[in-house]
Amino acid sequence: RATMKSLRFISAEVFVSNAEFARKSLSNVAHNLFPLLFKASYLLEQGEVIHDLVENWPLTDFNMGKLLGTTVDYQEDLSHRTCSVCLENCLTGLRDYVLNHPSSYVKRLKVVDLTGVKDAEVQFCECKKTMGRWARTQLLSKLCLELVVYLQQTQCNSGTFEISIDVLIDLFVTERNYDLVVQALLKKYCCPLKICCVAFRSDNLALQKFFYIIKLADPSLLRKLEIVHNVRLDMEHLEILFNSIHFPLLMSLTLPARTFNVRRFTATDERMLTNIGEKMGEMMQLTELSMPFSILTGRIQTLLSPLKTPLKMLDVSNCSLNHADMTYLASSFHANHLETLDLSGHNILDLYPSIFFKLLSHSPSVLRSLTLEDCNIQDTHVNMLILGLSHCQKLQEFKFLGNPLSSQALKHLFTFLCELPMLKNVEFPVPRDCYPIGITYPIDDASLCRFDHQKYESVAEELNLILLQANREDVKTSTPLFGSYDAAIQETNNELGAYLIKSFKETLEKFTTLNKMS
């Protein structure tokens, strides 16, 4: 459905559609019209106009989220369009803002906020070329270094050196762009564009390099820290990190798989875990915590009870939680505030049904997203699940991939899901009866695609018909066999694959050496 445009926005589109005329006329445009022209140019992918608008930006701030988000003149949110043409021209325009004016008294720009740009799976821009978070990190770092070199080698107007613009960005650093980003951060104080990292993600990076760059990125500004794939961080390293670096504004923390493993805990490990929990409570304002695939049996309270702020997001998928952990979660003050909860990999409806109901009943007015993948939810559990979910009238997203549910059970569940008024997204499993008889759960990757695709399509049509008949065509359904879309992995999958092959070869070589020695 087309979004309504005001007469002002339609006029702005007409103006920027003739790029040559628009660029020549910018000096005659009222300053308060620049945001309107920017959004119109972004919609029409007028890269050269975007460049010149940013190069001549007359206002004190430039906030991508606000500029591209819902506005009075055009309500469609364009912040999910990470169009390469638009973003590259935006950033080069920012560089040229610093360089291309003979005098600096008209330069009012103080803050550029790039954090409002959101990476999405489906791109609606015509060029279909995206610039993801990693590429944005790469380009901004490159432009900052070019600026420093140019200013050192050229006799610039003295006013150029007085320009100081904070550029807020979500950095994404891997081995491949590490050196470039480090150099840009080291030169921050002699560059007019000051990289201000408010969110930091690290994948495929040696631990020593991670520790070095996280200090350079100024942890005092960080609000979100994601240490995800192939950063070999264990509990000992995490304690060192928290003891040596303070994160006073940190609200969101994602830790890599297997950071914690309590199966072989010593007294020293217990002390370490307690210290980590206390540090998170003392020096952070955590509202989001993700620690999937760690083994935390019996230790959730140790980690979470010191937190002074209630968690809004918690991911403890595949963390081997036991009865005591689930009881603590359901009774803690966090339960009343959880908006996003991932309990995947736990047999909750079989082992802890009453605790699960209690947990959901404590968060009915706030829970927006619930993930219960690989939880061994069977046909016999569906009525129980419906009873639990009936509390969650604000639920917008429900993911339950990897559960052994039949077509009939899914139809029964979907009939109920129609009654959740806020629901927008459902990820459901391939029905058990689409797989060969005798399939065991959880299904291994090799068998995941070996199902009757024709039967699946038929069932999926029936499920969507249930939604349609209930006037719920607003609910999007899907079965992403290998998990939900991850923009970061999508952007760096080649590097991730190469890193995994390298790790496998190193492990194989060590194994071969050990065999020879024995």
Next item on the list: Could you check what % of the DSSP bridge pairs in the chain are antiparallel, to the nearest 5?
Entry: 5
Check: Hey, with R₀ at 56 Å, roughly what FRET efficiency would Asn347 and Lys128 work out to, going by the Cβ-Cβ distance, to 0.05?
Finding: 0.85
Notebook entry, point to check: Hey, what angle do you get for helix 487-517 against the long axis of the chain, alpha-carbon based, 0 to 90 degrees rounded to 10?
Noted result: 60
Check: Expressed as an acute angle from 0 to 90° and rounded to the nearest 10, what is the orientation of the C-alpha long axis of helix 453-469 relative to the principal long axis of the chain?
Finding: 80
Item checked: Helix-only mean residue ellipticity at 222 nm for the chain, each DSSP H run of n ≥ 4 adding -39500 (n - 2.57), per residue, nearest 500 -> -13000 deg cm²/dmol
Checklist line | Share of carbon and sulfur in the accessible heavy-atom surface of the chain [1.4 Å probe, %] | finding: 53
Next item on the list: Give me the number: length gained by fully extending Glu457 to Asn32, i.e. 0.36 nm times residue separation minus the C-alpha to C-alpha distance, one decimal in nm.
Entry: 147.8 nm
Next item on the list: Place the peptides 3-14, 413-424, 216-227, 34-45 in order of packing, highest mean first, counting for every residue the other Cβ atoms within 10 Å and averaging per peptide.
Entry: 34-45, 216-227, 413-424, 3-14
Notebook entry, point to check: So which trypsin sites (Lys or Arg not before Pro) in region 112-145 are both in a DSSP loop and have at most 10 other Cβ atoms within 10 Å of their Cβ?
Noted result: Lys128
Check: Hey, what angle do you get for helix 207-216 against the long axis of the chain, alpha-carbon based, 0 to 90 degrees rounded to 10?
Finding: 40
Next item on the list: Evaluate E = 1/(1 + (r/R0)^6) for Ala324 and Asn275, where r is the Cβ-Cβ distance and R0 equals 25 Å; express this FRET efficiency to the nearest 0.05.
Entry: 0.75
Check: Taking the Cα centre of each part, how many Å lie between region 337-389 and region 66-129?
Finding: 40
Checklist line | Ordering of 361-368, 314-321 by burial proxy (mean other Cβ atoms within 10 Å per residue, highest first) | finding: 314-321, 361-368
Notebook entry, point to check: Roughly speaking, what is the stretch gain from Leu7 to Asp444, that is 0.36 nm per residue apart minus the C-alpha to C-alpha distance, in nm to one decimal?
Noted result: 151.7 nm
Next item on the list: Take peptides 440-447, 246-253 and line them up by average Cβ neighbours within 10 Å, highest first, as a rough protection proxy.
Entry: 246-253, 440-447
Check: Between region 150-220 and region 35-62, how many Å separate their Cα centres?
Finding: 24
Notebook entry, point to check: What number of lysine-lysine pairs in region 7-131 show an alpha-carbon separation below 22 angstrom, given a sequence spacing of 8 or more or placement on distinct chains?
Noted result: 13
Notebook entry, point to check: Given H placed 1.01 Å from N in the peptide plane, which residues other than close sequence neighbours of Thr254 have an amide H under 5 Å from its amide H?
Noted result: Leu225, Glu226, Ile227, Ser290
Margin query: If you filter region 48-148 for chymotrypsin sites (Phe, Trp or Tyr not before Pro), then keep DSSP loop positions with at most 15 other Cβ within 10 Å, what is left?
Written below: Tyr105, Phe124
Note to self: Apply the a/c threshold of 1.5 to the C-alpha gyration tensor of region 63-204 and tell me whether it is rounded, prolate or oblate.
What the structure shows: oblate
Check: If you average the sequence gap of Cα pairs under 8 Å that are 6 or more apart and divide by the length of the chain, what percent do you get for the contact order?
Finding: 7
Check: Which parts of region 207-224 would a label at Asp166 reach, counting a residue when its backbone N lies under 19 Å from a point 7 Å out along Cα-to-Cβ?
Finding: 215-224
Next item on the list: Assign unit charges at the C-beta atoms only (+1 for Lys and Arg, -1 for Asp and Glu), then state the dipole size of region 7-131 relative to its Cα centre in Debye, rounded to the nearest 20.
Entry: 340
Item checked: Segment Glu239-Asn261, length gained on full extension (0.36 nm per residue, minus Cα span) -> 6.5 nm
Next item on the list: Taking a cut-off of 15 Å between Cα atoms, list the aspartates and glutamates near Lys215, but don't count ones fewer than 8 places away on the same chain.
Entry: Asp179, Glu226
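The values are calculated or read from the model by the stated rules, or taken from the named source; none is laboratory data. All values reported here derive from a predicted model rather than from experimental measurement. A quick note on method: Cβ atoms are made from the backbone with ideal geometry, for glycine too, and the neighbour counts reach across all protein chains shown. Ligands, DNA and RNA are excluded from the accessible area calculation, which covers all protein heavy atoms including side chains. Shrake-Rupley method; radii C 1.70, N 1.55, O 1.52, S 1.80 Å.
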